[in-house]
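Scroll down for the structure; my scribbles are underneath it.
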Ligand SMILES: [Zn+2]
Ligand SMILES: [Zn+2]
């Protein structure tokens, strides 16, 4: 097992939970988690030949293995952090719809419910509406509660000029969470009494101007910080495990499933959320080697 937070007895990084307006959590009664979430990032599935380090076809088998393992771990639900499919050259909406159907059929086997974060590659040929309809998901950003935990799915697939990504009308380095979504987020966090996890494809922990960054990341982080309710943010997009803490909020980037041949180069995690607000991330395959993890899984 691997920790991404200090031990659950350490109060320092959860200052928000000790204040008067802290999110309400059921009393910690046992070590059993309130919620277990399967996490997968940057699957990039396509029926396409390997290019460089990206083994597009292998993602289907890697996803099957992830489903078996994460179901054995008894995750309640699964979140994929974007770039579920990849783009043939030239982009071909019909082909991508086929890739999406195949990989979503495997992803759907994980836990009792599945949630899709939009990534830039998801909408290279498809529109958001087409992608989401195929996944059976109504919205690109939304929130929901499970077992006393509030989960927020964000959509950073907008250009900095506010235009929503659709069928490749964007550069991948031009990502933003526009004002309307930030306002929704602020109101959503204000309304929830629960501790919160945030999921987004592009990076909120990098300075504006960085290729992987959300253009208004500092403004989004300010909303998260002001709420005092965010336990952690999980991201994809840059394909390597990374971890940093900014103003008390941990930002985790999970390695891409597509990178490298063979199951040993896959990556997926089980995130346990405990009643005292602490988190435990158990990494499998290359997620196990995550540099922020304090202890590696022994099996
Ligand atoms: Zn990616
Ligand atoms: Zn991406």
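Exactly one residue out of 271, 254 is under 17 Å from residue 73 (Cβ atoms) and either within 16 Å of ligand 2 (Cβ to nearest atom) or out of contact with any strand residue (DSSP E or B) (no Cβ under 8 Å at 6 or more places or on another chain) (or both): that is 254.
Can you tell me which residues in the stretch 79-122 are more than 16 Å from ligand 2 (Cβ to nearest atom) and in a helix (DSSP H, G or I)? Matches in the stretch 79-122: 93, 94, 95, 97, 98, 101, 102, 104, 105, 106, 107.
Would it be correct to say that residue 142 is within 19 Å of the chain's Cα centre (by Cα), more than 16 Å from ligand 1 (Cβ to nearest atom) and in contact (Cβ under 8 Å) with a residue 60 or more places away in the chain? No. For the stretch 190-215, taking the residues that are surrounded by fewer than 22 Cβ atoms within 10 Å (Cβ to Cβ) and in contact with a helix residue (DSSP H, G or I) (Cβ under 8 Å, 6 or more places away or on another chain), the one that is nearest to residue 283 (Cα to Cα) is identified as 206. Residues that are in contact (Cβ under 8 Å) with a residue 24 or more places away in the chain and crowded, with 21+ Cβ neighbours inside 10 Å were ranked within the stretch 154-169; the one that is nearest to residue 124 (Cα to Cα) is 165. Of the helices (runs of 4 or more DSSP H) contained entirely in the stretch 124-227, those carrying at least 2 residues that are under 18 Å from residue 84 (Cβ atoms) and in contact with a strand residue (DSSP E or B) (Cβ under 8 Å, 6 or more places away or on another chain) fall at 128-135. Scanning the stretch 42-53 for residues that are closer than 17 Å to residue 124 by Cα and either within 20 Å of the chain's Cα centre (by Cα) or within 16 Å of ligand 2 (Cβ to nearest atom) (or both) turns up 42, 43, 44, 45, 46. In the stretch 237-250, the residues that are in contact (Cβ under 8 Å) with a residue 12 or more places away in the chain reach residues that are within 15 Å of ligand 2 (Cβ to nearest atom) and part of a strand (DSSP E or B) with C-beta atoms within less than 7 angstrom, at least six apart or across chains, in these pairs: 237/203; 238/203; 238/253; 239/259; 240/253; 241/253; 242/253.
On inspection, residue 82 qualifies as on the phi > 0 side of the Ramachandran plot, within 16 Å of ligand 1 (Cβ to nearest atom), at pLDDT 95 or above and crowded, with 18+ Cβ neighbours inside 10 Å.
Would you confirm whether or not the stretch 29-41 contains a residue that is at pLDDT below 50 and surrounded by fewer than 19 Cβ atoms within 10 Å (Cβ to Cβ)? Yes, because at least one residue in the stretch 29-41 is at pLDDT below 50 and surrounded by fewer than 19 Cβ atoms within 10 Å (Cβ to Cβ).
The values are calculated or read from the model by the stated rules, or taken from the named source; none is laboratory data. Computed from a predicted structure; not experimentally measured. Neighbour counts run over all protein chains shown; Cβ positions are idealised from the backbone, glycine included.
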